[in-house]
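Working notes for the structure below.
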Amino acid sequence: MPIHRGFSAEGQVEAYYRCSAAVYQAVAAQGWMQSVAPWGGMSAPADSGSSKGVWPHATQHSTSSPRKCSSPPRCCRTRELGHASWGRCPVRCSCGGNVSAKGFQAPKTRILYIYTAMSMFDLASPYAVRLHVGRSILHLHGRLAPGWRVRKRRAGDLRYAPTRINLLQSGRARSGEQNNIPMDTIHAKAPRETVGRNTVSRFRMQFQAAAYAALEILGGKEVDRVYCDYHDDFVVRRTVAGVVEYHFFQVKTKGKANQQWDVAEVFALKKKGALDTEEKLEAIRKSIAGKLFVHTLEFGEQCREVTILSNVHFDDDVHEVVADLAAGSSSKKYITQFIGRFADVVSPTKAMTPEEVEAARKKLSLLANVQYIGETLDGFAAAAHTAIYRHSEIELHQHEVERIATGLVTLVEEKSCAPISGLSKSGIDLAASVGLEDLLKVLSISTQVYQTIVDGGDPAAIKAASILQRKLKEVGATESMIETASRAKVSWDMWVRKARHDVPEFTFDLLTQEIDSKCKSWLLAGGVFSDLEEFIQGILSSSIGKKFPTLDTDLVFGGFCAAVVRRSAR
């Protein structure tokens, strides 16, 4: 509450508030108050400390009180505050009416003098915690923040109360104080550590990297499984000519895009001095690259590659070390020493053949400045959209992209955290890795529909399953109807492979053209299933349909499904 407040005849408002020095400085710094003289034509005190109309607490009176010490303690200060007569002084006056600064000043407090006018619309700012405003200003601003209200006033020529902004609360809000109580909340104390938040962010980027790698499974080629936080941050499994190979990834990130990884961070190598102690070899063994090189020994030929993946770049010296390791020689002394002691780093207890050493040195690679990992999902979602289309040719809408991106990262997180102790090999695959079945679930593609189309020999089975399932769901088909449609399409595809060799190609093309035309008409009419029977019977009873005696309702239905996929894939 103010010590005093009042209104001038022109609708201006005056108020005095007691507050702390921090609040005083916060309000004074904003320049929200006009620099005007108080009532009585008196100028602001010389030691007011501000030209904005903010007066400090313990200024001396500008005039002397006619009262003596033996009189009741009244002085001119209360008159300056707008009283018609001499009022009681807040503290005991000294002789002559002058109040000493020391006697009037409470510890670390100040007095704010607020003087403004109704016309100052800029005072209705977001910094004002509470505002009592005239209706005319209410119309200008259009709305009031919570806690504001209109108060009607009938006095003289004024219809409404003038603007009054509680700058004291605004100052407290900006300085961190509330209700004149020194701030002592959780926000006022520096946390002991914030490492956990950074760790969570790094794990999130690791999940994004693994999820992006898993999308290659959709291509149906070599990659068939991605292990999450198992043996390393993530491991990509490939089957090449019947042989299983593993690609190990370490995900390393930095907080700023202009930062780089240097030789000391990646290899724990020192450019000066000899590599001649076990402590130095152990440091390299425990480095980022050193831990990856261990896989080359443990998995042998099944270790296809080891990669350090990062959201920032690597220093040129790091690239030079990787290249020289693969080449087996270097012009730099410290790299030459590393090449010579490579076997001691990777396998300190077991001898390696020269062929094993050479193969291991060549398996390290760097993947720098990766854009699909970050603190948000924006970059990952865009990259995942492109990857899904590249591997499966599935077109996604924007809302689907966002849902799938979130689902993929969540999937990898679940796989990374699942307990695996005591599980069998197949159990570990299910619990700690991402396979095709997991991706189909995220993409909302029925595994049964997909498998049916794959068994039918469709090389683009994921795309066909996705299109067929989406289009039929749009017209209200149930899951069982969609599975029936997928089986019908497979039957049609198998029939086509045989029938097109038993009839003239021109005749067969006429049949497919007729089916496409009927399918287009059915889709344009709304794709109602009750109308589909009529279209199918129209094909069977047509002149071109009668030229294929083996055609039946199920086959023509499969032809319609194949036409739906073809039209959507164009």
*Identify all residues within the range 289-345 that are of a type in the set (Gly, Ala, Ser), over 20 Å from residue 273 (Cβ atoms) and free of Cβ contacts under 8 Å to residues at least 40 places away in the same chain; write none if there are none.*
323, 326, 327, 328, 329, 343
*Pairs, first assigned to a loop (DSSP other than H, G, I, E, B) in the range 249-263, second among the acidic types (Asp, Glu), C-beta under 8 Å, six or more apart*: 262/315; 262/317
*For the range 300-310, enumerate the residues that are open to solvent by less than 50 Å² (accessible area, probe 1.4 Å) and modelled with pLDDT of 95 or more.*
303, 306, 307, 308, 309, 310
*part of a helix (DSSP H, G or I), under 30 Å from residue 241 (Cβ atoms) and of a type in the set (S, T, N, Q): does that describe residue 296?*
yes
_Of all residues in the range 435-453 being over 26 Å from the mean Cα position of the chain (by Cα) and not hydroxyl-bearing (Ser, Thr, Tyr), the one that is surrounded by the fewest Cβ atoms within 10 Å (Cβ to Cβ)_ = 437
_Residues within the range 204-226 that are in contact (Cβ under 8 Å) with a residue 40 or more places away in the chain, open to solvent by 20 Å² or more (accessible area, probe 1.4 Å) and not in a helix (DSSP H, G or I), tallied_ = 3
*Could you give every pair whose Cβ atoms fall below 6 Å, whose first residue belongs to the range 401-412 and is at negative phi, and whose second residue is of a type in the set (Asp, Glu), counting only separations of at least 6 or pairs across chains?*
411/438
*In the range 476-489, how many residues are open to solvent by 20 Å² or more (accessible area, probe 1.4 Å), modelled with pLDDT of 85 or more and not polar (S, T, N, Q)?*
4
_If I ask for residues that are modelled with pLDDT under 90, closer than 15 Å to residue 218 by Cα and open to solvent by less than 90 Å² (accessible area, probe 1.4 Å), which ones from the range 394-421 would you list?_
394, 396
*asked:* Name the residue that is nearest to the chain's Cα centre (by Cα), counting only residues in the range 324-338 that are surrounded by fewer than 17 Cβ atoms within 10 Å (Cβ to Cβ) and over 13 Å from residue 269 (Cα atoms).
replied: 326
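Can you pull out every residue in the range 418-430 that is assigned to a helix (DSSP H, G or I) and either in contact (Cβ under 8 Å) with a residue 24 or more places away in the chain or touching a helix residue (DSSP H, G or I) at 6+ places or on another chain (Cβ under 7 Å) (or both)?
Correct list: 428, 429.
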*Which of the residues belonging to the range 432-474 are part of a helix (DSSP H, G or I) and among the polar types (S, T, N, Q)?*
447, 448, 451, 452, 466, 469
*Got at least one residue in the range 346-369 being open to solvent by 30 Å² or more (accessible area, probe 1.4 Å) and at positive phi?*
yes
_Restricting to the range 454-475, and then to whatever is closer than 30 Å to residue 230 by Cβ, among the aliphatic types (A, V, I, L, M) and in contact (Cβ under 8 Å) with a residue 40 or more places away in the chain, can you tell me which residue is surrounded by the fewest Cβ atoms within 10 Å (Cβ to Cβ)?_
461
_It is to be established whether one or more residues within the range 406-413 are out of contact with any Gly (no Cβ under 9 Å at 6 or more places or on another chain), more than 27 Å from residue 202 (Cα to Cα) and assigned to a helix (DSSP H, G or I)._
no
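The values are calculated or read from the model by the stated rules, or taken from the named source; none is laboratory data. Treat the numbers as computed from the prediction; the structure is a model and nothing was measured. For neighbour counting, all protein chains shown are included, and Cβ atoms are generated from backbone atoms with ideal geometry for every residue, glycine included. Remember, those area values only see protein heavy atoms, side chains included, never the ligands or the DNA or RNA. Shrake-Rupley method; radii C 1.70, N 1.55, O 1.52, S 1.80 Å.
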